[in-house]
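Student: Mind having a look at this structure? Questions to follow.
The values are calculated or read from the model by the stated rules, or taken from the named source; none is laboratory data. The structure displayed is predicted, hence computed values, not measured ones. As a convention, Cβ positions derive from the backbone with ideal geometry for all residues, glycine included, and neighbour counts pool all protein chains shown.
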Amino acid sequence: MEKAKIPYLVIGAGRAASHLMHYFDLKGIDYINWNRKEHSFQALDECLTQVSDVLLLIRDSAIKEFRDAHLKDFKGVVAHFSGSLNVDGIASFHPLMTFGPEFYDLPFYEKIHFAAASKETFRGLFPQLPNPVFEMKASDKPLYHALCVMSGNFPQILWQSCLARFDELGVPKDAVALYLQKNLENFMEHPGQSLTGPLARNDQITIETNLKALPVRLRSLYEAFVTFFAKD
């Protein structure tokens, strides 16, 4: 009797790969991991004989090259998790989530939404995962991913600069955290009514006072938002 194959070979060792493997561990899902730092390509060939499907969690620019070099003869499903990339012959599933240095708990992982070409494809490959899935056309992925980057990363760049200046002024980090948290909560509950401050009330005097107080780099960001908001 032929030995049952392990469901997945997870390729990669970055944050996304580490979080996915931790999620699998919490769900009791069997997998093998291969990554260039710890394993040889001879070991990769051996792994490929033991698994049903391959999950590529490596940088976007390496996905097609890795598939062409090492997976052309592999008979199972090959999938990647890039939000912007489309590669013929490779399934695509993008988790709409940021993955930090610490792992999350199981209830949180199960709430993460995935973008997929079809819900059925996701359910077929991951029958044990209850995650919500929304469908995304391949042609829409570049815009979708650009919006992910802007909404998820750009605010953090701004927060990093502002937090450093708040700290210089002696403002407690807990005070800033509460302020930012409530801003997000208000926005998600009332996205069209949550904006406050001088832009919302068209207070040009306060805007000018703000601009004069800011260092050059932050001033340019403030001006860009004023211009964008006025046009919007």
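Student: Filtering segment 54-90 down to residues that are in a loop (DSSP other than H, G, I, E, B) and small (Gly, Ala, Ser), which residue is nearest to residue 124 (Cα to Cα)? Lay out the reasoning, then the answer.
Tutor: Our first condition is that a residue be in a loop (DSSP other than H, G, I, E, B); within segment 54-90, this holds for 57-59, 71-77, 81-90.
Those still in the list that are small (Gly, Ala, Ser) too: 76, 82-84, 89.
Details: 76: 13, 82: 19, 83: 20, 84: 22, 89: 16 Å.
Out of the qualifying residues, it is 76.
Student: Here's a follow-up. Does residue 24 satisfy being in a helix (DSSP H, G or I) and closer than 18 Å to residue 5 by Cα? Walk me through how you get there before you give the answer.
Tutor: Numbers: in a helix (DSSP H, G or I): yes; closer than 18 Å to residue 5 by Cα: yes.
So residue 24 fits the description; yes.
Student: I need the full set of residues from segment 56-90 which are small (Gly, Ala, Ser), more than 20 Å from residue 19 (Cα to Cα) and touching a helix residue (DSSP H, G or I) at 6+ places or on another chain (Cβ under 8 Å), in order please.
Tutor: 89
Student: Is at least one residue of segment 124-134 part of a strand (DSSP E or B) and more than 18 Å from residue 17 (Cβ to Cβ)?
Tutor: First pass over segment 124-134, keeping only residues part of a strand (DSSP E or B): 133-134.
Narrowing further to those that are more than 18 Å from residue 17 (Cβ to Cβ): 133-134.
So far as segment 124-134 goes, yes, one or more of its residues are part of a strand (DSSP E or B) and more than 18 Å from residue 17 (Cβ to Cβ).
Student: Considering only segment 100-109, state which residues are closer than 20 Å to residue 83 by Cβ and either in contact with a Gly (Cβ under 6 Å, 6 or more places away or on another chain) or surrounded by 12 or more Cβ atoms within 10 Å (Cβ to Cβ) (or both). Steps first, answer last, please.
Tutor: Applying the first criterion (closer than 20 Å to residue 83 by Cβ) to segment 100-109 yields 100, 104, 108-109.
Across segment 100-109, the qualifying residues are 104, 109.
Student: Could you check, for segment 171-182, whether at least one of its residues is touching a Ser or Thr at 6+ places or on another chain (Cβ under 8 Å) and not in a loop (DSSP other than H, G, I, E, B)?
Tutor: To start, the set of residues in segment 171-182 that are touching a Ser or Thr at 6+ places or on another chain (Cβ under 8 Å) comprises none.
There is no residue in segment 171-182 that is touching a Ser or Thr at 6+ places or on another chain (Cβ under 8 Å) and not in a loop (DSSP other than H, G, I, E, B).
Student: Looking for something assigned to a helix (DSSP H, G or I), closer than 24 Å to residue 100 by Cβ and among the charged types (D, E, K, R) - is there at least one such residue anywhere in segment 186-201?
Tutor: First pass over segment 186-201, keeping only residues assigned to a helix (DSSP H, G or I): 186-189.
With the extra rule that they be closer than 24 Å to residue 100 by Cβ, the set shrinks to 186-188.
Filter again for among the charged types (D, E, K, R), leaving none.
No: zero hits.
Student: Restricted to segment 27-53, and to residues that are among the hydrophobic types (A, V, I, L, M, F, W, C), touching a residue at least 24 places away in the same chain (Cβ under 8 Å) and not in a strand (DSSP E or B), which residue is surrounded by the fewest Cβ atoms within 10 Å (Cβ to Cβ)? So that I can check it myself, show each step before the final result.
Tutor: Here is the first cut: in segment 27-53, the residues among the hydrophobic types (A, V, I, L, M, F, W, C) are 29, 32, 34, 41, 43-44, 47-48, 51.
After this cut, where a residue has to be touching a residue at least 24 places away in the same chain (Cβ under 8 Å) as well, the list is 29, 32, 34, 41, 44, 47-48, 51.
With the extra rule that they be not in a strand (DSSP E or B), the set shrinks to 29, 41, 44, 47-48.
Values: 29: 17, 41: 11, 44: 19, 47: 18, 48: 18.
Per the criteria, the residue is 41.
Student: Shifting gears a bit: Exactly one condition in (1) exposed (fewer than 13 other Cβ atoms within 10 Å of the Cβ); (2) at pLDDT 95 or above is false for residue 138; which is it?
Tutor: So residue 138 meets the others, but not (2).
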